[in-house]
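Okay, so here's the structure we're looking at.
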Amino acid sequence: MDRRQALAGVLALFGAQVFAPLARAAGLAPAGVISEGAPSIQVFTPDQRALMTALSERILPTTDTPGAIAAGVPAYIEKLLADWALPEDRIPILSGLAEIDSRSRQDYKLPAVDTKPEQQDALLTLAMNDALPNGIEFFEAFRQLVITGYYTSEIGITQEREYLPVPGEYNGAFPYAQVNKVYSA
Amino acid sequence: MASTDRFDAIVIGTGISGGWAAKELTEKGLRVLMLDRGHMVEHGEGYTYDGRPAFDVPARNIMPDALRESDYFIAKHGYVQPSNQAFYNNDRLNPYDYEEGSKFYWIRPGAVGGKSLIWGRWSFRWSAADFEANKRDGIGGAWPITYDDLVPWYDYVEKYAGVSGSRENLPYLPDSQFQPPMPMNIAEKWMKQRLESEFPGRKMINARLSNMTEDKPEQGRTKCQVRNQCGNGCSFGAYFSTQAVTLPAARATGRLTLRSDAVVTNLEYDPATKKVTGVRFVDTKTGQAETVTAKLVFLNASTLGSVQILMNSRQPDGTRSHFDSSGTLGRYVMDHIFRVGVKGDIPGMEEFIEFGRRPGGVYVPRFRNNGQDGDVGFKRGYGYQGAAYREPSKPVGFGASMKQGMRRYSGWKFQMGAFGECLPYEDNHVALNPDKTDRFGVPLMRFNVTFRENEQRMMIDAREQGEKMLRAAGLKNVESSVREHVPGDAIHEMGGARMGDDPRASVLNKWSQAHDASNLFVTDGAQMASISCVNPSLTFMALTARAVDHAVKGLKAGTV
């Protein structure tokens with residue numbers, strides 16, 4: 001019997017009128033509330049956080065538009081892993097960061113966070129090519145987090161892309177030459 | 001509020017059909033109480049996230065996995081996201097079950113407006129053949145009405161609701177009273193021409209949508225702004241919803257009382273007069289139960305919500321519903337079979353792209369068993385909904401080159417999904433669980449609904465024909481997919497209290513009126529005796545307006 005069934009059974013004994021207090025007593029979380037604000041737990045150690053931050057910027061670097069750090073991607077990733085994702089989703093990220101750091105100490109005699117951007121790119125490339133233990137698993141998960149965090153950020157939506165909340169009219173044969181940036185809503 | 005007659009009519013449910021019932025009843029002079037189990041959402045101000053970008057919505061508008069699995073594990077099949085979750089049922093708080101071996105996604109709304117806030121808005125008339133199908137095939141019960149009975153009511157609701165589409169003169173997909181269609185894009189026009197020349201008799205037409213392409217200033221509604229924000233509630237009132245359309249009309253009469261947060265548990269009944277004598281509901285905030293009375297009751301709690309209320313309105317010995325003298329209540333439950341997809345790349349035309357985000361694309365109407373083909377191995381048919389589009393490129397790798405690559409759009413792509421008609425089977429049924437009740441004391445619904453061989457064969461054909469059509473039209477990289485067909489997944493569940501002429505074999509008569517209670521009308525999907533392959537809501541609207549007309553005439557004549 002799962003928790004929902006158990007609760008339904010208990011409630012049946014009392015009838016409808018005691019529902020609300022009983023639900024609170026049963027420890028049910030408020031229905032449907034999305035956690036906001038600071039992460040409720042520290043997913044990363046300070047060193048892991050620094051490396052995760054540096055690598056996010058390597059995935060989506062500052063170019064003619066701001067990069068992942070300016071867009072707040074590291075904070076998004078920590079919040080997501082702390083409160084929005086399932087706990088097991090932290091595992092490939094944390095273990096991937098550890099593998100990258102370990103390989104950095106072997107190849108460059110430095111913690112990964114202290115290496116040059118080109119060296120961090122080389123480490124990420126190893127992960128991408130699955131040349132580190134569980135490298136591809138880390139790379140795909142981390143890349144997806146960075147891309148999602150960036151293109152849903154204010155910078156991603158309004159600077160990297162063209163924010164078009166109310167097109168107003170539809171044109172099914174609009175000249176592609178007139179598209180400057182990918183549209184976002 | 002107990003035992004008063006402050007109201008002439010009670011409408012249970014505020015969704016697509018309930019909203020129409022309230023509008024029509026109040027406009028005909030009745031004082032109406034409308035009840036909804038969900039919380040209040042006002043037009044405009046209740047659409048918290050309408051027009052807000054992802055960074056301004058909790059969790060960037062991506063439903064957190066943890067919350068999805070704890071609270072929205074059924075709603076997740078129905079497109080729930082943080083910006084619209086307030087319109088959805090919480091699955092943790094409102095459980096139901098399946099019988100062993102079956103599975104059903106009961107995707108429910110959780111707010112006033114019901115599914116009118118979260119629907120797909122594709123709107124089609126059913127055809128004459130749809131209403132004749134059961135009788136012709138000898139499957140399920142014969143419909144007691146014909147297409148012609150509904151024509152004036154389709155006309156009436158379409159003109160008011162605002163339906164966009166193209167006139168096609170197809171006997172198997174009658175035209176509505178249309179506003180101009182949402183245009184096809186250049187790639188869809190190309191495909192239409194290719195597909196129709198390769199497959200004489202098959203058509204690709206504009207989507208038919210309850211999204212307006214012309215303003216209705218008299219209703220305070222503005223045409224679609226092509227934002228693709230429908231699911232968050234549309235402050236422009238561009239698509240049909242209770243909030244934008246029927247609720248303002250009902251309120252304008254001064255005769256509507258709307259009570260949200262009110263879960264109806266059962267109907268009280270007098271066997272001597274064969275009438276519903278009261279509607280019992282529980283206030284979800286206080287837990288207090290109340291009973292209200294009125295001369296007339298419209299039950300519009302959604303297909304299976306209405307069936308649940310009917311089944312829980314039981315005789316004193318607790319066994320049988322007051323409304324089940326036929327023994328068919330809870331039977332012949334159907335949903336469209338769904339989850340066959342076909343896609344491909346459209347070559348060329350890369351100098352063009354879409355500007356704006358339409359609420360719908362194109363439709364390939366049913367072409368099977370329309371009378372011209374021989375035995376195709378199954379009965380009835382299916383249609384496809386689809387669209388051509390270009391999407392942001394998805395380059396691999398990372399770094400500046402990837403970022404640059406994401407600034408381009410792909411070439412044109414096309415995809416479409418099939419919706420197939422499910423036959424009415426007597427043993428596709430729902431029942432009340434005798435051992436488990438919900439937090440309001442209502443026995444849980446227990447589902448035993450499965451798709452059968454006819455439906456499975458139809459989907460195999462839909463997949464094959466879909467691939468064939470896309471290839472013949474000249475698309476590249478054509479692929480198809482099939483995912484588990486779970487009843488309920490199309491959110492087009494119908495049946496359970498079907499209409500029929502014979503009171504021994506149906507719950508409702510041809511006026512959507514209970515055979516067992518002359519003052520009870522059920523005008524949502526529960527009344528349907530078959531399900532066509534086209535989307536149903538427009539037909540629920542027409543049936544509701546028709547039933548109200550009959551009920552109010554009956555009240556005046558003393559026959560209801």
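Taking the range B:352-374 only, how many residues are within 9 Å of another protein chain (Cβ to nearest Cβ), touching a Gly at 6+ places or on another chain (Cβ under 8 Å) and crowded, with 23+ Cβ neighbours inside 10 Å? Of the residues in the range B:352-374, 1 are within 9 Å of another protein chain (Cβ to nearest Cβ), touching a Gly at 6+ places or on another chain (Cβ under 8 Å) and crowded, with 23+ Cβ neighbours inside 10 Å. Among the residues of the range B:74-95, those identified as more than 10 Å from chain A (Cβ to nearest Cβ) and open to solvent by 30 Å² or more (accessible area, probe 1.4 Å) are B:Lys76, B:His77, B:Tyr79, B:Gln81.
Number of residues in the range B:156-178 that are surrounded by 15 or more Cβ atoms within 10 Å (Cβ to Cβ), away from chain A (no Cβ under 14 Å) and more than 17 Å from B:Gly383 (Cβ to Cβ): the value is 8.
Considered as a group, the residues in the range B:122-142 that are within 24 Å of B:Leu329 (Cα to Cα) and not in a loop (DSSP other than H, G, I, E, B) include one that is most open to solvent (accessible area, probe 1.4 Å), and that residue is B:Lys135.
Confirm whether B:Ile145 is part of a loop (DSSP other than H, G, I, E, B) and either in contact with an Asp or Glu (Cβ under 7 Å, 6 or more places away or on another chain) or open to solvent by less than 10 Å² (accessible area, probe 1.4 Å) (or both). Against the criterion (part of a loop (DSSP other than H, G, I, E, B) and either in contact with an Asp or Glu (Cβ under 7 Å, 6 or more places away or on another chain) or open to solvent by less than 10 Å² (accessible area, probe 1.4 Å) (or both)), B:Ile145 qualifies. Could you please give the count of residues in the range B:184-211 that are free of Cβ contacts under 8 Å to residues at least 24 places away in the same chain and within 11 Å of chain A (Cβ to nearest Cβ)? Number of matching residues: 1. Counting only residues that are part of a loop (DSSP other than H, G, I, E, B), buried (at least 24 other Cβ atoms within 10 Å of the Cβ) and among the aliphatic types (A, V, I, L, M), the range B:289-335 holds 3 of them. When the helices (runs of 4 or more DSSP H) confined to the range A:49-135 are screened for residues that are closer than 23 Å to A:Pro39 by Cβ, those reaching at least 3 such residues are found at A:73-79, A:90-108. Could you please find all residues in the range B:469-502 being open to solvent by 20 Å² or more (accessible area, probe 1.4 Å) and of a type in the set (Asp, Glu)? Residues satisfying the conditions are B:Glu479, B:Glu484, B:Asp501, B:Asp502.
Might you let me know whether the range B:202-217 holds any residue that is of a type in the set (A, V, I, L, M, F, W, C) and open to solvent by 50 Å² or more (accessible area, probe 1.4 Å)? For the range B:202-217, residues of a type in the set (A, V, I, L, M, F, W, C) and open to solvent by 50 Å² or more (accessible area, probe 1.4 Å): absent. Looking across the range B:75-96, just one residue is of a type in the set (A, V, I, L, M), in a loop (DSSP other than H, G, I, E, B) and in contact with a strand residue (DSSP E or B) (Cβ under 9 Å, 6 or more places away or on another chain), and that is B:Val80. Quick check on my filter: what residues within the range B:425-462 are away from chain A (no Cβ under 14 Å), open to solvent by less than 40 Å² (accessible area, probe 1.4 Å), of a type in the set (Val, Ile, Thr) and part of a loop (DSSP other than H, G, I, E, B)? The one that is away from chain A (no Cβ under 14 Å), open to solvent by less than 40 Å² (accessible area, probe 1.4 Å), of a type in the set (Val, Ile, Thr) and part of a loop (DSSP other than H, G, I, E, B): B:Val449.
Scanning the range B:503-532 for residues that are outside any loop (DSSP other than H, G, I, E, B) and in contact (Cβ under 8 Å) with a residue 24 or more places away in the chain, which turns out surrounded by the fewest Cβ atoms within 10 Å (Cβ to Cβ)? Top of the filtered list is B:Gln513. The requirement of being within 14 Å of chain A (Cβ to nearest Cβ), under 30 Å from B:Pro171 (Cβ atoms) and at pLDDT 95 or above is not satisfied by B:Gly348. Each residue in the range A:149-185 was checked for being within 7 Å of chain B (Cβ to nearest Cβ), assigned to a helix (DSSP H, G or I) and in contact (Cβ under 8 Å) with a residue 40 or more places away in the chain, and 1 of them qualify. Looking across the range B:1-59, the residues that are buried (at least 19 other Cβ atoms within 10 Å of the Cβ) and part of a strand (DSSP E or B) come down to B:Ala9, B:Ile10, B:Val11, B:Ile12, B:Val32, B:Leu33, B:Met34, B:Leu35. If you filter the range B:218-257 down to residues that are open to solvent by less than 10 Å² (accessible area, probe 1.4 Å), of a type outside the set (A, V, I, L, M) and in a helix (DSSP H, G or I), you find that the one that is farthest from the other protein chains (Cβ to nearest Cβ) is B:Thr246. Looking at the structure I just gave you, is B:Tyr384 outside any loop (DSSP other than H, G, I, E, B) and among the hydroxyl-bearing types (Ser, Thr, Tyr)? Answer is yes for this residue.
Taking the numbered list (1) touching a strand residue (DSSP E or B) at 6+ places or on another chain (Cβ under 8 Å); (2) more than 28 Å from B:Ile337 (Cβ to Cβ); (3) open to solvent by less than 30 Å² (accessible area, probe 1.4 Å); (4) not hydroxyl-bearing (Ser, Thr, Tyr) in turn, B:Gly466 passes all entries but (2). In the range A:26-47 there is at least one residue that is modelled with pLDDT of 95 or more, within 26 Å of B:Ala400 (Cα to Cα) and open to solvent by 20 Å² or more (accessible area, probe 1.4 Å).
Matching residues to (1) free of Cβ contacts under 8 Å to residues at least 24 places away in the same chain; (2) within 17 Å of B:Ile16 (Cβ to Cβ):
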residue: B:Ser241; (1), (2): no, yes
residue: B:Ala244; (1), (2): no, yes
residue: B:Leu296; (1), (2): no, no
residue: B:Ser302; (1), (2): no, yes
residue: B:Gly305; (1), (2): no, yes
residue: B:Asp317; (1), (2): yes, no
residue: B:Ser325; (1), (2): no, no
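Does A:Arg103 fit the bill of being open to solvent by 50 Å² or more (accessible area, probe 1.4 Å), within 8 Å of chain B (Cβ to nearest Cβ) and either modelled with pLDDT of 95 or more or in contact with a Pro (Cβ under 6 Å, 6 or more places away or on another chain) (or both)? Answer is no for this residue. Summed over the range B:375-419, residues that are over 26 Å from B:Glu188 (Cα atoms), open to solvent by less than 40 Å² (accessible area, probe 1.4 Å) and at the interface with another protein chain (Cβ under 10 Å from one of its Cβ atoms) total 5.
The values are calculated or read from the model by the stated rules, or taken from the named source; none is laboratory data. As the structure is a computational prediction, the values presented were derived from the model and not from experiment. Backbone-built Cβ (ideal geometry, glycine too); neighbour counts: all protein chains shown. SASA here: full protein model, heavy atoms, side chains in, ligands and nucleic acids out. Shrake-Rupley method; radii C 1.70, N 1.55, O 1.52, S 1.80 Å.
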